[in-house]
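**Student:** Below you'll find the structure I mean.
No value in this document is a laboratory result; all are computed from the given coordinates. In this text, all values refer to a predicted model and were calculated from it rather than measured experimentally. In this analysis, Cβ positions are derived from the backbone assuming ideal geometry, glycine residues included, and neighbour counts consider all displayed protein chains.
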Amino acid sequence: MSAEVSRPRGVGRPPRLSLAAIIAAAERVLVAEGPEKLSMRRLATELGSTPMALYHHVRDKDELLVRVLESQARTMPRPDLPAEPRDRLVAASVLLYELLAERPWIVEVLTGDDLIGPSALWIVEVMVGAAADCGLTEDEAFYVYRTIWFYIVGDLIIRVTGGRRRARAGAAHQDGVVAGLTADDHPRLASLAGRWAELNARDTHRRALTAIVDGLLP
């Protein structure tokens, strides 16, 4: 009887990759470390593979980010929104803010690169449509959406970067500057100095978005 010969399994070869596994690993890196830390080399390390193996599935980092954004957009909830257009615009704006607040790395990707997942555009369609249903032209409706978008991005970026700075330094630089103001030169700010950090930390996005919508609609 001949001895059974086992075939080699390619010891030392990187594991076979799938696009789904690459996207999932990229999401883990983005959540834990942020977009700046994501590279094809870093991702290959996460997967126990090589950068060249990744390029069989995605052309470059930009394509990878678009695929991750698309994956995220497909899993985000699409709740029923109010029928009345003003209320629908407020609700969609709040929803967009809160979805991004749960995924701050997406804000950094969207503002740092000209990238977007097509599946996320449904909420933009809702917002522009709601503004148009309030009697605005399409150009005016787009302006309303863009103004809301700039508020959302600005507020979240400030919160993300401020949180990182406080984590490193233990306190916000701005708090110390305001605390040193005198009533002679800055009477209003000096009176707020003791509550400055607490006021800045308040979550006022619902109130702010409602005010923005009411200020922009006819």
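**Student:** If I require 20 Å or longer along the helix axis, counting alpha carbons, and a Kyte-Doolittle average no lower than 0.5, what helices from the chain are left? Use full DSSP H segments.
**Tutor:** Span-like helices, by this rule, are 19-33, 85-101.
**Student:** How much length would be gained if the chain were fully extended between TRP149 and HIS186, taking 0.36 nm per residue of separation minus their Cα-Cα distance, in nm to one decimal?
**Tutor:** The TRP149-HIS186 span can extend by a further 10.1 nm.
**Student:** Could you identify which residue out of GLY154, GLY48, GLY129 has the top mean-square fluctuation in a GNM of the chain using Cα springs shorter than 10 Å?
**Tutor:** Evaluated over the chain, the most mobile residue of the options is GLY48.
**Student:** Classify the range 96-218: rounded, prolate or oblate, from the alpha-carbon gyration tensor (a ≥ b ≥ c, eigenvalue square roots; a/c under 1.5 rounded; otherwise prolate if a/b is larger than b/c)? Before the final figure, lay out each step's value.
**Tutor:** Numbers: a/c = 3.21, a/b = 1.66, b/c = 1.93.
Judged from the Cα gyration tensor, the range 96-218 comes out oblate (a/c at least 1.5, b/c at or above a/b).
**Student:** Next question, about the same structure. Working from the pairwise distances between different alpha carbons, so that the mean of 1/r is found and then inverted, what is the range 163-218's Kirkwood radius in Å?
**Tutor:** 13.4
**Student:** I want to verify a result. In a Gaussian network model of the chain, Cα cutoff 10 Å, which of these has the top mean-square fluctuation: GLU63, GLU84, GLU198?
**Tutor:** In the Gaussian network model the winner is GLU198.
**Student:** Applying 1/(1 + (r/R0)^6) with R0 = 25 Å to the Cβ-Cβ distance of ALA169 and LYS37, what FRET efficiency is obtained, to the nearest 0.05?
**Tutor:** With a Förster radius of 25 Å, E is 0.80.
**Student:** Along Cα→Cβ, 7 Å out, is where each label goes; now give me the distance between the ones at ARG78 and LEU121 in nm to one decimal.
**Tutor:** Between ARG78 and LEU121, the label points sit 1.4 nm apart.
**Student:** Another one. About its Cα centre, what dipole magnitude does the range 85-216 give when the only charges are +1 on Lys and Arg Cβ and -1 on Asp and Glu Cβ, stated in debye to the nearest 20?
**Tutor:** 620
**Student:** Right, here's the next one. Can you check what the Kirkwood hydrodynamic radius comes to for the range 113-169, Cα pairs only, in Å to one decimal?
**Tutor:** Details: mean 1/r = 0.0758 Å⁻¹.
About 13.2 Å, per the Kirkwood formula over Cα pairs.
**Student:** Something else now. How high is the FRET efficiency between THR210 and GLU27 when r is their beta carbon distance and R₀ equals 45 Å, given to the nearest 0.05?
**Tutor:** 0.90
**Student:** Right, next: Where is the GNM fluctuation largest for the chain (alpha-carbon springs, 10 angstrom cutoff): ARG74, ARG16, ARG86?
**Tutor:** Ranking ARG74, ARG16, ARG86 by mean-square fluctuation puts ARG16 first.
**Student:** Using Cβ counts within 10 Å as a stand-in for footprinting exposure, how do ILE116, ILE106, ILE158 rank, fewest first?
**Tutor:** Lowest count first: ILE158, ILE116, ILE106.
**Student:** Only sites in a loop by DSSP and with at most 15 other Cβ atoms within 10 Å count here; which trypsin sites (Lys or Arg not before Pro) in the range 25-60 make the cut?
**Tutor:** Passing sites in the range 25-60 are ARG59.
**Student:** Something else now. What does the helix-only formula give at 222 nm for the chain: each DSSP H stretch with n ≥ 4 adding -39500 (n - 2.57), the total divided by the residues, and the result rounded to the nearest 500 deg cm²/dmol?
**Tutor:** Estimated from H runs of four or more residues: -20500 deg cm²/dmol.
**Student:** Taking every eigenvalue of the Cα gyration tensor of the chain, multiplying by 5 and rooting it, what semi-axes result, largest first, whole Å?
**Tutor:** On the way: eigenvalues 383, 150, 32 Å².
In descending order, the three semi-axes are 44, 27, 13 Å.
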